[in-house]
Amino acid sequence: MKAVVFHGIGNISVDDVPAPTIQDPKDAIIRVTASAICGTDLRMVRGTEAQMVPGTILGHEAVGVVEQIGADVKNIKVGDRVVVTSSITCGYCENCKAERYDLCLNANPNGPRGVSAFFGGPKPSGAFNGLQAEKARIPFADNVLVKLFDNITDDQAIMLSDIFPTAYYGADLAQIKSGNTVAVFGCGPVGLFAILSAQLMGAGRIFAVDAIPSRLELATKLGAEAINYDKDDPVSTIKNLTGKIGVDRVIDAVGVDANRPHGGIIQQAKSLLQAKTFNQEKQQVEKETNSQGDNWHPGDAPSQALQWEAEVVAKGGTIAIIGVYPETVQVFPLGIAMNKNLTLTMGHCPHRKYIPTLMNLISTGMVNPTQILTQQASLTSALDAYKAFDEREDGWVKVELTPATMA
Ligand SMILES: NC(=O)c1ccc[n+]([C@@H]2O[C@H](COP(=O)([O-])OP(=O)(O)OC[C@H]3O[C@@H](n4cnc5c(N)ncnc54)[C@H](O)[C@@H]3O)[C@@H](O)[C@H]2O)c1
Ligand SMILES: [Zn+2]
Ligand SMILES: [Zn+2]
């Protein structure tokens, strides 16, 4: 079968690989009908998420049809249309039972202290083969596969696999209450869904910060007030627009590949003063990189978004970090947070907790997730799609991959 395979930093390709087989009675095999490329995949190819095992199939977002089930799978039948939760969780440990799927004690082969396990990720997350493939093996299938309602299309369902639940988790972590002002940093797929999620929780004004015009346009269409950090300083702009108070809640949907401003004289001058610190941070994070032309460049200022976030939040406010920072990152403006009595919340998403609720919202027409789906490409042309998404080519926000057999 065809699959997107990681060979090394800056080196991925669509290969012919053996089809997966059942390895445990709790496994299922699905035929993938849609998968997607995520900002998380880019971090692995850029080298800002280390310890990828060469040969790992990439991808952690998929929708499919169940083809085969192991002897212990009871919840799912052959032929069911399902969405895959991008994190792998057992469903029966004490943390899963408390809906803290992000802290599952069984799924990570590295043991109960291992980080959240997920498809197509590095060794610390279990080095499971991923979902950008024609077929996939699904461990703990009873819990990891969620049966889809008949009226949910693949284009809608693919958003339920990771980015919508992650963004909703961010809004939930941020404890958004009716009328709160919110700043969302990063307007990639996760940030755009964070805007929608904040609205669902009753947010008042929402500011959206990024530097990519087409993404800011989408944020505006969703009802946020866009701030292009290459044109306007997000800190002084937000302070200005909130009577110097700042926002009640902040969601970080950027992560370690944050950039500093490359436009705006004052912003550039400010960030140049920090160039040495940003470079030191980069050295801490990137043990290896392999940039080629316009592709696979890690961000040039890992802590930039975090610094802005700590500054724009009002005293007593909350910052929820769902953009991923690897364990090698050791920076946060703790002094500002301490002196403003901030609440900091963060983590990997417990997808299984939110998917049924969010599927209901889509099914009843409360949310239209396909407004964020901007591209469809065939699995066989995944490399070109990866490159366009990585380069932030105009209009490329969320990319769905359809299997080679359907292309
Ligand atoms: N916590 C979780 O469980 C979870 C799940 C899925 C994705 N993620 C993470 O969420 C993050 C976003 O994912 P995505 O798919 O939207 O990625 P993405 O790379 O498409 O989006 C990130 C956006 O941040 C913008 N950006 C860069 N520097 C910035 C800055 N200083 N200020 C504001 N914006 C800035 C970029 O221009 C880009 O549009 C990634 O780190 C991803 O790994 C986390
Ligand atoms: Zn994802
Ligand atoms: Zn568990």
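Nothing in this text is a laboratory measurement; each read-out follows from the coordinates by a stated rule. Here the structure is a predicted model, which is why all the values come from computation and not from measurement. Methodologically, a virtual Cβ is constructed for each residue, glycine included, from the backbone with ideal geometry; neighbour enumeration extends over all protein chains shown.
Some points to look at:
- Residue order, fewest to most beta carbons within 10 Å, for W396, W296: W396, W296
- Selection among I176, Q304, G39 by position relative to the dipole of the chain gives I176 as farthest towards the positive end (Cβ unit charges, Cα centre).
- Rounded is the label for the stretch 164-346. Its Cα gyration tensor axes, ordered a ≥ b ≥ c, give a/c under 1.5.
- Radius ratio Rg over Rh of the chain, counting only Cα atoms, Kirkwood formula for Rh: 0.95
- Placing pseudo-labels 7 Å out from each Cα toward the beta carbon at K315 and K231 gives an inter-label distance of 3.4 nm.
- Here the chain is treated with +1 on each Lys and Arg Cβ and -1 on each Asp and Glu Cβ, and its dipole about the Cα centre works out to around 940 debye.
- Evaluating 6.51 cos²θ - 1.76 cosθ + 1.60 at θ = phi - 60° for every residue in the stretch 132-148, the Karplus couplings come out as 7, 7, 6, 9, 8, 8, 10, x, 6, 4, 4, 9, 7, 9, 10, 5, 8 Hz, glycine and proline recorded as x.
- Model label sites at H262 and T220, defined 7 Å from Cα along the beta-carbon direction, differ in position by 2.2 nm.
- Here the calculated FRET efficiency for R392 and L334, from their Cβ-Cβ distance with R0 = 30 Å, stands at 0.45, rounded to the nearest 0.05.
- Beta bridges per DSSP with both ends in the stretch 164-346, % antiparallel, nearest 5: 5 percent
- Sum of -39500 (n - 2.57) over DSSP H runs of 4+, divided by residues of the chain (222 nm, nearest 500): -8500 deg cm²/dmol
- When the pairs K353/K398; K177/K276; K231/K276; K177/K239 are compared against a 27 Å limit on Cα-Cα distance, K177/K276 fall above it.
- Full extension of the chain between L383 and D294 gives 30.7 nm of extra length, using 0.36 nm per residue less the Cα-Cα distance.
- Projected onto planes of every orientation and averaged, the convex hull of the alpha-carbon atoms in the stretch 1-57 covers 4.7 nm².
- Sorted by Cβ neighbour density within 10 Å, fewest at the top, the residues S236, S303: S236, S303
- The charge dipole of the stretch 1-55, taken about its Cα centre with unit charges on the Cβ of Lys, Arg, Asp and Glu (plus for the first two, minus for the last two), comes to roughly 120 debye.
- Residues L222, L401 in ascending order of nearby Cβ atoms (within 10 Å, fewest first): L222, L401.
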